[in-house]
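The values are calculated or read from the model by the stated rules, or taken from the named source; none is laboratory data. As the structure is a prediction and not an experimental result, all values here were calculated from the model. Because the Cβ atoms are built from the backbone with ideal geometry, glycine has one as well, and the counts that use them run over all protein chains shown. Heads up: the accessible areas ignore ligands, DNA and RNA and are worked out on the full protein's heavy atoms, side chains in. Shrake-Rupley method; radii C 1.70, N 1.55, O 1.52, S 1.80 Å.
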Amino acid sequence: MKWDEFFVTGEPMIYGAMVSIALASIGIVAGLTYFKKWGYLWREWLTTVDHKRIGVMYIICALLMLFRGGVDALMMRAQTAAPEMKFLDAQHYNEVFTTHGLIMILFMAMPFIFGLMNVVIPLQIGARDVAFPRLNAISFWLFFAGAMLLNLSFVIGGSPDAGWSAYFPLASKEFSPTVGNNYYSIALQISGIGTLMTGINFLVTILRMRAPGLKLMRLPMFTWSTLITSVIITFAFPVLTVALLLMMFDRLFGAQFFTMANGGMDMLWANLFWVWGHPEVYIVILPAFGIYSDIISTFAKKNLYGYKSMVISMVAISLLSFVVWAHHFYTMGQGAMVNGFFSITTMAIAVPTGVKIFNWLFTLHRGKISLTTPMLYAMAFIPIFTLGGVTGVMLAMASADYHYHNTMFLVAHFHYVLIPGAVFAVIAGFHYWFPKVFGFRLNEKLGKLAFWLIAVCFNITFFPLFLLGLKGMTRRMYTYSAETGFGPLNFISFLGALGLAAGFIVLVYNVYWSFRHSPRETTGDPWDARTLEWATQSPVPAYNFAEIPNVKTIDAFWFSKIDKKKPIFEGKLEPIHLPNNTGKPFVLGIAFFFLGFFLVFSWWIPAIVAGIGVLAIMAAMSFDRDHGFIIPVEEIRQTEKKLRGEPV
């Protein structure tokens with residue numbers, strides 16, 4: 001292979017990205033060396049099995065991917081801002097919109113959700129950690145290996161270019177001969193294995209590690225949503241893994257699973273992808289529903305209205321999510337009977353979703369509402385998401401979908417669902433639980449400024465796309481003539497995208513400003529909240545709870561504050577057992593990264609060596625006998641006093 005085939009060349013922006021990556025890497029290495037932080041980085045982060053630190057690493061990665069995906073979005077909006085733009089050529093535009101979808105859904109929204117799950121769920125159920133701490137670390141490092149492998153593609157080899165859904169035959173070697181879609185199939189397999197492990201881990205954690213008295217029907221709604229999401233992950237992600245494996249066989253070994261000849265079937269890929277892909281939407285949406293439920297209940301100072309109906313509606317959504325996949329290809333000739341069935345199931349899923357909207361509205365009714373930054377995102381979500389849901393019902397009608405399908409109307413619809421339904425939620429959760437992890441609150445003025453920029457500019461960016469779709473502008477159109485009349489609405493959308501970028505810049509600046517200037521939190525409960533995570537200190541110590549709480553009701557922490565006869569801590573302090581850190585998951589992630597990289601380029605000998613390395617590390621881990629370590633009672637007392645701001 002020639003150097004100009006290995007490195008992506010000919011694009012000034014790619015050269016700039018290469019330089020920036022090199023400079024950032026040098027800066028990180030120099031900073032760690034100058035401040036002598038290599039040992040700290042290894043001991044406290046790279047080898048950690050603490051669910052809170054793993055959650056923080058997920059969130060940091062998600063914020064970095066938000067920046068990457070946001071730059072992709074800005075480039076697309078800039079290219080279509082005016083007729084006959086030359087900012088991107090057709091091939092580069094194809095790569096940008098493909099990686100934008102992959103990054104934002106699989107490497108931004110999901111890890112952000114997983115980060116919040118890691119930080120919050122063990123605390124909400126009164127546990128010391130997740131069920132399998134080392135498996136949790138493996139999950140993160142496999143996700144990270146897959147994310148880095150995919151991001152490497154835009155400077156080495158070339159990015160995937162067949163859309164985020166990678167439909168065949170576009171994704172085949174015949175129509176995409178570069179290694180871009182090899183990155184797609186292998187990077188997503190590696191990160192997907194980590195995601196499947198996460199689903200199993202949290203399923204076991206919630207079912208088996210709840211505090212005494214914490215029955216299923218007393219769980220906080222975020223924990224319920226995580227439990228149901230974990231079930232969806234467990235059933236859906238094996239389908240994606242198999243589909244990606246078959247895709248890899250087609251591209252690397254000349255198999256014929258998805259070809260147009262020799263017994264292959266390109267629609268097999270579409271079916272397998274969306275059997276996973278539509279439940280995937282609810283993997284990011286259902287935890288968001290749980291986040292909003294906890295936030296709205298906290299800042300309305302009320303019990304969540306219709307607790308049982310909320311749980312039942314989430315279960316119904318999870319079941320229906322597996323029987324709607326074919327609405328993604330109404331126009332592909334599957335017949336009126338099939339289209340009719342999937343049209344009905346798609347509209348049916350709006351019913352339990354509508355139940356949840358009314359639950360939130362009734363919770364707000366006559367509540368003592370505090371308009372904090374998390375609450376603003378939660379309240380903005382309701383009308384914006386409702387508009388996205390209504391347009392979803394429009395798209396669910398198979399006959400009408402023949403017009404809407406493959407137009408910008410559909411692009412507007414899924415952004416109106418996914419951005420308020422996932423991005424608003426993770427930002428709200430980020431603000432809400434930030435003091436629990438770091439011991440200080442984010443600045444409210446900067447938080448509200450970022451909210452108004454994001455909420456207003458979101459609508460400026462995406463509402464014009466509804467109108468453009470109805471006028472006939474198709475998806476993936478990288479240029480158009482002035483005669484189409486698409487220019488003015490596209491320019492408005494571009495201005496909105498710039499405003500969105502400004503909002504996210506304010507959000508990042510808020511973290512920096514608050515780190516420098518915000519007062520430290522010593523109460524453990526800055527929001528006067530309701531659930532168990534606020535019953536421990538801020539920031540949360542390694543052992544989570546000095547005593548395991550005893551739960552007697554829903555929102556046990558809230559009722560323990562208003563009724564002293566219902567304490568949640570009744571026992572005495574005892575020594576606490578915790579697992580030791582280990583570097584093997586980190587090393588396993590590196591081995592998987594190199595295995596994937598060598599497979600992308602079909603370098604078989606180094607791939608075999610890396611594969612042997614993966615198996616050797618897994619074998620070594622299977623013989624580990626970690627007896628953990630004990631935190632004595634006196635150390636627990638001193639830690640608790642220090643976190644409360646008392647003299648030690």
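Among the residues in the range 392-405, are any in contact (Cβ under 8 Å) with a residue 60 or more places away in the chain, open to solvent by 40 Å² or more (accessible area, probe 1.4 Å) and under 22 Å from the mean Cα position of the chain (by Cα)? Among the residues of the range 392-405, not one is in contact (Cβ under 8 Å) with a residue 60 or more places away in the chain, open to solvent by 40 Å² or more (accessible area, probe 1.4 Å) and under 22 Å from the mean Cα position of the chain (by Cα), which makes the answer no. Candidates Ile562, Ile576: the one that is out of contact with any Leu (no Cβ under 6 Å at 6 or more places or on another chain) and surrounded by 17 or more Cβ atoms within 10 Å (Cβ to Cβ) is Ile576.
The C-beta contact set for the range 204-222 (first residue in contact (Cβ under 8 Å) with a residue 24 or more places away in the chain, second residue among the basic types (Lys, Arg), distance under 7 angstrom, 6+ apart or interchain) comprises Gly213/Lys552.
Only residues that are in contact with a Pro (Cβ under 7 Å, 6 or more places away or on another chain) and either modelled with pLDDT of 90 or more or under 19 Å from Ala62 (Cβ atoms) (or both): list them for the range 505-534, please. Quick ask: steps written out before the conclusion?
Residues of the range 505-534 that are in contact with a Pro (Cβ under 7 Å, 6 or more places away or on another chain), as a first pass: 521, 526, 531-532.
Matches in the range 505-534: Pro526, Thr531, Leu532.
Glu84 fulfils the conditions (1) more than 22 Å from the chain's Cα centre (by Cα); (2) of a type in the set (D, E, K, R); (3) assigned to a helix (DSSP H, G or I) except for a single criterion, (3). Within the range 225-269, if we keep just the residues that are open to solvent by less than 10 Å² (accessible area, probe 1.4 Å), aromatic (Phe, Trp, Tyr) and not in a loop (DSSP other than H, G, I, E, B), the residue that is nearest to Ser602 (Cα to Cα) turns out to be Trp269.
For Ala166, the conditions (1) part of a helix (DSSP H, G or I); (2) aliphatic (A, V, I, L, M); (3) touching a helix residue (DSSP H, G or I) at 6+ places or on another chain (Cβ under 7 Å) are fulfilled apart from (1).
Just one of the listed residues (Ile113, Ile60, Ile138, Ile103) is surrounded by fewer than 21 Cβ atoms within 10 Å (Cβ to Cβ) and among the aliphatic types (A, V, I, L, M), namely Ile60. Within the bounds of the range 170-190, is there any residue that is hydrophobic (A, V, I, L, M, F, W, C) and farther than 20 Å from Asp266 by Cα? So far as the range 170-190 goes, yes, one or more of its residues are hydrophobic (A, V, I, L, M, F, W, C) and farther than 20 Å from Asp266 by Cα. Under the condition of being on the phi > 0 side of the Ramachandran plot and outside any loop (DSSP other than H, G, I, E, B), the residues counted in the range 502-541 number 0.
Yes/no per residue for (1) buried (at least 17 other Cβ atoms within 10 Å of the Cβ); (2) on the phi > 0 side of the Ramachandran plot; (3) not in a loop (DSSP other than H, G, I, E, B):
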{"residue": "Phe545", "(1), (2), (3)": "yes, no, no"}
{"residue": "Val551", "(1), (2), (3)": "yes, no, no"}
{"residue": "Thr582", "(1), (2), (3)": "yes, no, no"}
{"residue": "Gly589", "(1), (2), (3)": "yes, no, yes"}
{"residue": "Arg625", "(1), (2), (3)": "no, no, no"}
{"residue": "Glu635", "(1), (2), (3)": "no, no, yes"}
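Is at least one residue of the range 144-166 open to solvent by less than 20 Å² (accessible area, probe 1.4 Å) and without any contact (Cβ under 8 Å) to a residue 24 or more places away in the chain? No, every residue in the range 144-166 fails to be open to solvent by less than 20 Å² (accessible area, probe 1.4 Å) and without any contact (Cβ under 8 Å) to a residue 24 or more places away in the chain. Screening His51 on (1) within 30 Å of Phe491 (Cα to Cα); (2) under 24 Å from the mean Cα position of the chain (by Cα); (3) not aromatic (Phe, Trp, Tyr) shows it passes everything except condition (1). If you go through the range 263-317 and keep only what is in contact with a Phe, Trp or Tyr (Cβ under 7 Å, 6 or more places away or on another chain), acidic (Asp, Glu) and more than 27 Å from Thr363 (Cβ to Cβ), you end up with just Asp266. Annotation: Phe358 fulfils all but one of (1) surrounded by fewer than 15 Cβ atoms within 10 Å (Cβ to Cβ); (2) within 25 Å of Leu470 (Cβ to Cβ); (3) among the aromatic types (Phe, Trp, Tyr); the unmet one is (2).
Checking each residue in the range 436-462 for being aromatic (Phe, Trp, Tyr) and either surrounded by 21 or more Cβ atoms within 10 Å (Cβ to Cβ) or in contact with a helix residue (DSSP H, G or I) (Cβ under 7 Å, 6 or more places away or on another chain) (or both) picks out Phe440, Phe451, Phe458, Phe462. Entry remark, the range 482-498: residues being open to solvent by 40 Å² or more (accessible area, probe 1.4 Å) and farther than 26 Å from Leu453 by Cα number 3 in total. Taking residues in the range 522-536 that are under 24 Å from Lys215 (Cβ atoms) and polar (S, T, N, Q), and partners anywhere that are open to solvent by 20 Å² or more (accessible area, probe 1.4 Å) and not in a loop (DSSP other than H, G, I, E, B), the pairs with Cβ atoms closer than 8 Å and at least 6 places apart or on different chains are Thr531/Phe557; Thr531/Trp558.
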